[in-house]
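To start, the structure under review is shown below, and the notes come after it.
Nothing in this text is a laboratory measurement; each read-out follows from the coordinates by a stated rule. These numbers come from a predicted model, not from an experiment. Backbone-built Cβ (ideal geometry, glycine too); neighbour counts: all protein chains shown.
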Amino acid sequence: MKLTHHIKQLFPAGNIVSAHCDGPCGVYDPASARIAAEAVLSMTKKILALNPGDGSHATANSLSRFIAIKEEQAHLAKTELLVLWTDYFKPNHLEQFPELHDTFWKAAKLCSAVKVEVSQEKAEELMAAIKKIHDMFWATKGREVSYYTAS
């Protein structure tokens, strides 16, 4: 019999779960939150540029797609930030950055705000908060990593 068969007998399948990652894998980077937030900013700009009053199906379709992407990416940004906040940062980081909790709390609240609103200002505030988190994160590793945006 194959080894995998024996393992499956010893550990029968239960519910399938996934996570990042509680292994712990040690792979953390605020870049994924930045990319998601940047997509939120892009979709917000596209929504604001539309003229929904033209009544066309094409505009309605674009609007619904832009909103869906904005919502999804805002949720992803929030998830990525919460993983960094709760899994990567430790009490000794609070000594280095006393504002760490407040910074993450405000960034998470901004992720919610950009879902509820169509506000370029809030989306830009989210990007700024993520830049601050980027700077804190890399400082804890003793590395200088340039912050950049794709657009």
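Which of the following residues is β-branched (V, I, T), outside any helix (DSSP H, G or I) and touching a helix residue (DSSP H, G or I) at 6+ places or on another chain (Cβ under 7 Å): V118, V114?
Selected residue: V118, the only one of V118, V114 that is β-branched (V, I, T), outside any helix (DSSP H, G or I) and touching a helix residue (DSSP H, G or I) at 6+ places or on another chain (Cβ under 7 Å).
Considering T103, T86, T79, which residue is buried (at least 17 other Cβ atoms within 10 Å of the Cβ) and β-branched (V, I, T)?
Working: T86 fails: buried (at least 17 other Cβ atoms within 10 Å of the Cβ); T79 fails: buried (at least 17 other Cβ atoms within 10 Å of the Cβ).
From the options T103, T86, T79, the qualifying one is T103.
So which residues in region 89-108 are within 23 Å of K122 (Cβ to Cβ), touching a helix residue (DSSP H, G or I) at 6+ places or on another chain (Cβ under 9 Å), of a type outside the set (A, V, I, L, M) and part of a helix (DSSP H, G or I), if there are any at all?
If the condition is that a residue be within 23 Å of K122 (Cβ to Cβ), touching a helix residue (DSSP H, G or I) at 6+ places or on another chain (Cβ under 9 Å), of a type outside the set (A, V, I, L, M) and part of a helix (DSSP H, G or I), then H101, T103, F104, W105, K106 are the ones that fit.
For (1) without any contact (Cβ under 8 Å) to a residue 24 or more places away in the chain; (2) touching an Asp or Glu at 6+ places or on another chain (Cβ under 7 Å), each residue gets a yes or a no:
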residue	(1), (2)
T79	yes, no
V83	no, no
F89	no, no
Q96	no, no
H101	yes, no
A107	no, no
L110	yes, yes
V118	no, no
L126	no, no
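As an exercise: evaluate S146 against (1) assigned to a helix (DSSP H, G or I); (2) under 27 Å from G26 (Cα atoms) and give the number of the one condition it does not meet.
Unmet condition: (1).
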